[in-house]
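In what follows, a structure is listed as structure tokens, so that the remarks can point back to it.
The values are calculated or read from the model by the stated rules, or taken from the named source; none is laboratory data. Treat the numbers as computed from the prediction; the structure is a model and nothing was measured. Cβ atoms come from the backbone with ideal geometry, glycine included; neighbour counts cover every protein chain shown. The area values use the complete protein model at the heavy-atom level, side chains included, leaving out ligands, DNA and RNA. Shrake-Rupley method; radii C 1.70, N 1.55, O 1.52, S 1.80 Å.
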Amino acid sequence: MESPPSLACWTGYFPDPARTDPVATSLLIEPAAPPDEATLQLAHDVVSSFDVFVDQALEYCRTRLRERHFELTTEELNWLDLPELPLGAPEATVWADQTWAIRFTESRLRLADPHGILVTFNGTEPADIQGLDDEQ
């Protein structure tokens, strides 16, 4: 995919028998170079357990988004109690430094405007959450 010359980016959609939609995964390497074996293995592990990681990210959002600094409205806080959170179209991004994240590209939450919500992972556990604006 197109990227600045200092950055190499590969994006693929991998079939997942448990889901109707394929899993979108991006590999980002800076400085630009082919991904090493460890990065490819991490991407494989993320795709192989994607549904599990999405469920973990959703529960993490359900808990963390209640914190005051996210400034959710009363209505948005009520959405966190619904069985289905207002977060959809998850995609995975794996960076060459062995960090990775799930981005929910669709959401009714103001925090997600305009580019979604990013849940970063430390290994197999969610570690942080942020809304993505034009600068990110």
- [ ] Among the trypsin sites (Lys or Arg not before Pro) in the range 8-85, which ones are in a DSSP loop with at most 15 other Cβ atoms within 10 Å of the Cβ? Mind listing them?
- [x] 19, 66
Task: Debye equation applied to the C-alpha atoms of the chain, log10 I(q)/I(0) at 0.10, 0.19 Å⁻¹ - done: -0.34, -1.13
- [ ] Relative to the longest principal axis of the C-alpha atoms of the chain, give the angle of the C-alpha long axis of helix 50-64, reported between 0 and 90° and rounded to the nearest 10°.
- [x] 40
Task: the range 83-121: trypsin sites (Lys or Arg not before Pro) in DSSP coil with no more than 14 other Cβ atoms inside 10 Å - done: 108
Task: Contour excess over end-to-end distance, with Cα ends at residue 36 and residue 51 and 0.36 nm allotted per residue - done: 2.9 nm
Open item on the list: Give me the dipole magnitude in Debye, nearest 20, for the range 57-136 about the Cα centre, with unit charges on the beta carbon: positive for Lys and Arg, negative for Asp and Glu.
Closed with: 180
Open item on the list: Using the crude model of +1 on Lys and Arg Cβ and -1 on Asp and Glu Cβ, and no other charge, please compute the dipole size for the chain relative to its Cα centre, in debye to 20.
Closed with: 180
Open item on the list: So if a site counts as exposed when it's one of the GluC sites (Glu not before Pro), its DSSP state isn't H, G, I, E or B, and it has at most 11 other Cβ atoms within 10 Å, what's the longest stretch of the chain without one?
Closed with: 3-66
Task: Listed residue (27, 60, 78) projecting farthest to the positive dipole end of the chain, Cβ model - done: 78
TODO: Taking only protein heavy atoms into account and a 1.4 Å probe, give the accessible area per residue of the range 1-101 in Å².
DONE: 60
Task: the chain - percent of accessible surface contributed by carbon and sulfur, probe 1.4 Å - done: 52
- [ ] Mind pulling the angle between the C-alpha long axis of helix 37-48 and the longest principal axis of the chain? Nearest 10 degrees, somewhere in 0 to 90.
- [x] 40
TODO: Please work out how much length the chain gains when fully extended from residue 125 to residue 9, using 0.36 nm per residue of separation minus the C-alpha to C-alpha distance, in nm with one decimal.
DONE: 39.3 nm
